[in-house]
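This report refers to the structure that appears directly beneath it.
The values are calculated or read from the model by the stated rules, or taken from the named source; none is laboratory data. Being a predicted model, the structure only gives us computed values, none of them experimental. Neighbour counts are summed over all protein chains in view; Cβ atoms, including those assigned to glycine, are modelled from backbone coordinates with ideal geometry. Please note that ligands, DNA and RNA were not included when accessible areas were found on the heavy atoms of the full protein model with its side chains. Shrake-Rupley method; radii C 1.70, N 1.55, O 1.52, S 1.80 Å.
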Amino acid sequence: MTKEDVNKFEKVQSQIEGLLLEVTNLVKKSPNDAVNKFKLKFINEILIEANAVLGKTYKPLSSFEKFDEDDLPSNSDVSFILSQYLSCFEKLRADNIFRKKEYDGNKYFYEWYWVIGNSESTIKTAPPKKIK
């Protein structure tokens, strides 16, 4: 990954997290209601960007590119797909970060950083979600 890839990754991941939060609220009210065309247009734009970030290796579903705007999906359908994308974003991130032991003068601690161009970078990130 490059520094630009990391910036794009973080932008699209946060957009998907926001969409999922929004759609999850709609699912709680009415899971089978259709998403309106206005929202679907923006969801599809973000999914297209997500596909570019994830590439073939990390794309969650090989047969899915975006939602058909003529056949509006339900809130639960959108929630399902966005959850799949977030999981794959996390897999991509976990495969491209490393943990470094540091010392602040009083104690040792660990920080997580992105790998940029097969080298350790100084761009901080959160720990992988599976590791506590």
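Here are the criteria: (1) closer than 20 Å to residue 114 by Cβ; (2) without any contact (Cβ under 8 Å) to a residue 12 or more places away in the chain; (3) open to solvent by 40 Å² or more (accessible area, probe 1.4 Å). Tell me which single one residue 55 does not satisfy.
Residue 55 satisfies every listed condition except (3).
Filter region 112-121 for residues that are free of Cβ contacts under 8 Å to residues at least 40 places away in the same chain and hydroxyl-bearing (Ser, Thr, Tyr); which is surrounded by the most Cβ atoms within 10 Å (Cβ to Cβ)?
113
For the subset of region 70-83 comprising residues that are in a helix (DSSP H, G or I) and open to solvent by 60 Å² or more (accessible area, probe 1.4 Å), which member is farthest from residue 33 (Cα to Cα)?
Residue satisfying both the conditions and the ranking: 80.
On the basis of being open to solvent by 40 Å² or more (accessible area, probe 1.4 Å), under 19 Å from residue 4 (Cβ atoms) and either touching a residue at least 60 places away in the same chain (Cβ under 8 Å) or of a type outside the set (A, V, I, L, M) (or both), does residue 124 make the cut?
Yes.
Starting from region 17-39, keep only residues that are free of Cβ contacts under 8 Å to residues at least 12 places away in the same chain, then list their pairs with residues that are assigned to a loop (DSSP other than H, G, I, E, B) whose Cβ atoms are within a distance under 7 Å, requiring at least 6 positions of separation or different chains.
Once the first residue is free of Cβ contacts under 8 Å to residues at least 12 places away in the same chain and sits in region 17-39, no partner that is assigned to a loop (DSSP other than H, G, I, E, B) comes close enough.
Under the condition of being β-branched (Val, Ile, Thr) and open to solvent by 30 Å² or more (accessible area, probe 1.4 Å), which residue from region 11-52 is farthest from residue 125 (Cα to Cα)?
It comes out as 27.
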